[in-house]
């Protein structure tokens with residue numbers, strides 16, 4: 001059994017440098033501050049999604065809380081326009097079960113150690129339907145996952 005957010009490869013951003021003229025220092029750019037939008041709290045029986053159902057298209061930050069003895073996995077998935085949130089949930093609970101959808105793209109994911117908290121930062125650039133996911137794998141390998149539908153734009 002595979003975990004949706006665990007199935008999708010994490011893409012690491014490469015750091016680049018820009019050449020500057022001798023004696024000229026580049027002007028420092030302030031990093032944008034993400035807009036705090038809510039909290040996802042994972043327990044062994046549910047995930048409480050305390051966040052709005054509509055998101056702006058901007059840099060966002062989600063607070064993550066794992067209240068289990070297992071590592072929590074949190075992710076934000078954009079669902080292709082030809083598909084729906086229901087398609088994603090139906091795939092997760094189908095006989096194929098818990099596989100990465102071919103009709104979605106991982107926007108961001110974050111693992112949070114047992115009984116601790118973290119933060120997921122994501123840039124929403126496209127309007128559309130998204131799914132916020134949280135879940136965990138227990139010692140027997142059983143995966144438990146929860147989803148929340150979000151709309152952007």
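Things worth noting here:
- Matching residues, region 123-153, being in contact (Cβ under 8 Å) with a residue 60 or more places away in the chain and over 20 Å from residue 71 (Cα atoms): 123, 124, 125, 126, 127, 130, 149, 150, 151, 152, 153
- The residues of region 78-102 that are part of a loop (DSSP other than H, G, I, E, B), touching a residue at least 60 places away in the same chain (Cβ under 8 Å) and surrounded by 15 or more Cβ atoms within 10 Å (Cβ to Cβ), listed by number, are 98, 100, 101.
- Subset of region 62-73 [closer than 16 Å to residue 148 by Cα and out of contact with any helix residue (DSSP H, G or I) (no Cβ under 7 Å at 6 or more places or on another chain)]: 62, 63, 64, 65, 72
- Scope region 11-44; condition surrounded by 12 or more Cβ atoms within 10 Å (Cβ to Cβ), in a loop (DSSP other than H, G, I, E, B) and either touching a strand residue (DSSP E or B) at 6+ places or on another chain (Cβ under 7 Å) or at pLDDT below 50 (or both); matching residues: 34
- Here residue 146 qualifies as assigned to a strand (DSSP E or B) and under 16 Å from residue 47 (Cα atoms).
- Count - residues of region 45-77 that are within 19 Å of residue 123 (Cβ to Cβ) and surrounded by 12 or more Cβ atoms within 10 Å (Cβ to Cβ): 15
The values are calculated or read from the model by the stated rules, or taken from the named source; none is laboratory data. No experiment lies behind these values; they were computed from the predicted model shown. Note that we place each Cβ from the backbone using ideal geometry, even for glycine, and neighbour counts take in every protein chain shown.
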